[in-house]
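Down below is the structure, laid out as structure tokens.
The values are calculated or read from the model by the stated rules, or taken from the named source; none is laboratory data. Remember, predicted model here, so these are calculated numbers, not experimental data. Quick reminder, even Gly has a Cβ in these numbers, built from the backbone with ideal geometry, and neighbours come from all protein chains shown. Quick note on the areas: whole protein, heavy atoms, side chains included, nothing else; ligands and nucleic acids left out. Shrake-Rupley method; radii C 1.70, N 1.55, O 1.52, S 1.80 Å.
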2 protein chains.
Amino acid sequence: MAKVTQQDIAKVLGVSVMTVSNAFNRPDQLSADLRERVLERAAKMGYTGPDAVARQLRSGRTNTFAVVFEERLSYAFSDPFSVAWLAAFSEVMERKRASITLLSVPAADVDALVAIQDAAVDGVAGLCGDQPAMARARERGLPTVYCTRTSEPGSEQAGDYVVIDDYAAGFEVGQYLRRLGHQRVFLLAGAAYAGQPPMKEYHRGDLDTSDHLRISGVLEGLGGAEVTIIPMGTNSSTAGRAAGVAVLDRRDRPTAVIAVSDVMALGFMDACRQRGLEPGRDISVVGFDDLPESAAGGLTTIHQPVRDKGRLAAELLLDPQRPDRRIVLPHELIVRSSTHPVA
Amino acid sequence: MAKVTQQDIAKVLGVSVMTVSNAFNRPDQLSADLRERVLERAAKMGYTGPDAVARQLRSGRTNTFAVVFEERLSYAFSDPFSVAWLAAFSEVMERKRASITLLSVPAADVDALVAIQDAAVDGVAGLCGDQPAMARARERGLPTVYCTRTSEPGSEQAGDYVVIDDYAAGFEVGQYLRRLGHQRVFLLAGAAYAGQPPMKEYHRGDLDTSDHLRISGVLEGLGGAEVTIIPMGTNSSTAGRAAGVAVLDRRDRPTAVIAVSDVMALGFMDACRQRGLEPGRDISVVGFDDLPESAAGGLTTIHQPVRDKGRLAAELLLDPQRPDRRIVLPHELIVRSSTHPVA
DNA sequence: CCGCGTCTCTTTAACGATACAGACGGTCGA
DNA sequence: TCGACCGTCTGTATCGTTAAAGAGACGCGG
């Protein structure tokens, strides 16, 4: 059987198509009696209600928003930071009866950009930075919001954002460790830098801007301390554990280690304990993000308001009139037991 | 500026609209030269590529699939079982360049069913059972796949599914504990039963079918043992911990506790340890699902192939021709250290 | 020189709905 | 009694695209 349309119903009942449409969407536009007849007839004919796509085309709105990820979607569900953001984002969307489309657009995969092209959405958000997918979305005329600082602050930004001041956060971490007397610090750097050796001199390479800002801030805050940067291929607790191997068995073991994210820092702490080293006594460890598990693990870290990021991103998309569309949220250094002064 | 359409470009170039469309979608249908001109002109005029919605309407496919949840979306991201399923599901979708729309349709909220109506998707899947949202989707003519047994096995099922035999799984658990000599067993039951007192006699109430089947199986497998059912309002580790209070301080403390899910069982084990009771020595604990963390925690449980569930659900949606659309996957009792014979 | 296939491009007709501007009869105040 | 207004319903024009079939030109083999 072919699909039943409003037109079919109209023809059978001898009314106009518009009346059928109104029966479904605007009850006040026709008599209760006729409306009743239309609905009844529609049910009898097996009409399944207005077609979502047709309605979207005509009305120009989809009531759906895309969330883009730079990684595979399974990463989005496994990274605690990403999950927390997504939860906050979805709570707002849910309340407004809007739905969410998940889009995976790996930076490496140019073809994946068509996913942005083909997405029937009213806007695009991402926990990521202002990646090509965002730019593509803006070219399509869609509002975008990203949540990780990508360009240098002050430089001209194209889309809306909700970020923190990663440089200042890094600076606070560096300064804090310097005050504790740390002179030899290792820095576990994020997802770029595949397979490179440790560096004594910082060069940015392909690093994400937010990581770059954190690192620059840390270096500045540390002043003249001796810093070695360990490039990790990926941002995960596995990478953090692997870093244990690269760092803990060295003769010139650092007195403090900073990871650009908590997942890495927590993995690194695992590695420490496996070797009988207690973070906060034998070595200091600092992270960024402040995940729920970081509190339990006693990790000193930069708290970042991830739920606010998610919530505000959703609100910006839902309300295009809202002023203040470029938001820098406050962060905070949370000192816990994983750091200690140098003896 | 108003939106630029293929029609506008066609008019300017003096070609037909179809030619413009073909320039974007079917390069072999026009000369390379003309195609070049069209694309160039389009770019110059600020054309953003074919409109996703219009294309969907015309072609009748959206290349998007909905995932429905009975709970708030934030639950979907926080429950490990749900996350694992989603990851597997999304991997398949991603590979086929299809996208995923998340829909929250709480059973309580009747209005939320319109979300199904308004979703522009080619099919609907869910980790949940065959809830009203699924039925609604089928009324719309959409294929559906659910992954938690809802109707009794053998009864007529309307939609496709990928499930396990929850009754048999429960039976194995019961039988196993009986062999270990357990005579007094408490059963932590799932998300229905809000605020009810423990029961000596099992009555099903509003329980999900899969939980019902598990419990029936357990009871059968346990034979004549004394069983008390503790209704938990929700399925979470918090609920499991709360159960500790309800169970561990009683005079007639059971020798074994079965939870209908691992999250609850793990929470309960926490509560045990907080009271100085070691699971597998002082009390036996069994769960269902076999989460990654269950292995680490030493929890005896029923392994259920959650990734296969997700993967197959996606494959069924993507390939409507595939035979065998009602799948019962194997499960397995995994014995770990949380269970022991009665002294 | 004719017929036929090929390459390009055009024409026509949807896809299924809603916005917008009437039309028509009846009521009501002046 | 007249015009304004209201409640109902209709007709038409899109929304932006693509499917399907057709039309003209050109080359090529017979």
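Structure notes:
- Hits in segment B:254-280 - residues which are of a type in the set (Val, Ile, Thr) and assigned to a loop (DSSP other than H, G, I, E, B): B:Thr255, B:Val260
- Listed by position, the strands (runs of 3 or more DSSP E) inside segment A:65-164 whose residues that are within 22 Å of A:Gln321 (Cβ to Cβ) and within 9 Å of chain B (Cβ to nearest Cβ) number at least 1 are A:99-104.
- The set of residues from segment A:91-111 being touching a residue at least 12 places away in the same chain (Cβ under 8 Å) and in contact with a Ser or Thr (Cβ under 9 Å, 6 or more places away or on another chain) comprises A:Glu91, A:Met93, A:Ala98, A:Ser99, A:Ile100, A:Thr101, A:Leu102, A:Leu103, A:Ser104.
- When A:Arg58 is tested against (1) open to solvent by 20 Å² or more (accessible area, probe 1.4 Å); (2) within 8 Å of DNA strand C (Cβ to nearest atom); (3) more than 30 Å from A:Arg136 (Cα to Cα); (4) not small (Gly, Ala, Ser), only condition (3) is not met.
- B:Ala42 touching a residue at least 12 places away in the same chain (Cβ under 8 Å), over 30 Å from A:Gly49 (Cα atoms), within 13 Å of DNA strand D (Cβ to nearest atom) and assigned to a helix (DSSP H, G or I): yes
- Single unsatisfied condition, B:Ala2 versus (1) more than 8 Å from DNA strand C (Cβ to nearest atom); (2) among the hydrophobic types (A, V, I, L, M, F, W, C); (3) open to solvent by less than 80 Å² (accessible area, probe 1.4 Å): (3)
- Segment B:101-149, residues that are under 18 Å from the mean Cα position of the chain (by Cα) and of a type in the set (S, T, N, Q): B:Thr101, B:Ser104, B:Gln131, B:Thr144, B:Thr148
- Within segment B:26-39, the set of residues being within 12 Å of DNA strand C (Cβ to nearest atom) and either part of a helix (DSSP H, G or I) or of a type in the set (A, V, I, L, M) (or both) comprises B:Pro27, B:Asp28, B:Gln29, B:Leu30, B:Ala32, B:Asp33, B:Leu34, B:Arg35, B:Glu36, B:Arg37, B:Val38.
So that you can scan it fast, the table gives a plain yes or no per residue for (1) more than 8 Å from DNA strand D (Cβ to nearest atom); (2) within 42 Å of the chain's Cα centre (by Cα); (3) more than 14 Å from chain A (Cβ to nearest Cβ); (4) closer than 27 Å to B:Ser99 by Cβ:
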residue	(1), (2), (3), (4)
B:Ala2	no, no, no, no
B:Val12	yes, no, yes, no
B:Leu30	yes, no, yes, no
B:Leu34	yes, no, yes, no
B:Ala54	no, yes, no, yes
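- Test set (1) surrounded by 15 or more Cβ atoms within 10 Å (Cβ to Cβ); (2) closer than 25 Å to A:Leu103 by Cα; (3) more than 28 Å from the chain's Cα centre (by Cα) - B:Ala42 fails condition number: (2)
- For the criterion of being in the same structural domain as A:Ala108 (by TED's automatic domain parsing) and open to solvent by 60 Å² or more (accessible area, probe 1.4 Å), A:Glu91 fails.
- Residue match in segment B:242-253 (condition: in a loop (DSSP other than H, G, I, E, B) and crowded, with 16+ Cβ neighbours inside 10 Å): no
- Total residues in segment A:165-218, condition assigned to a loop (DSSP other than H, G, I, E, B), touching a residue at least 60 places away in the same chain (Cβ under 8 Å) and not hydrophobic (A, V, I, L, M, F, W, C): 6
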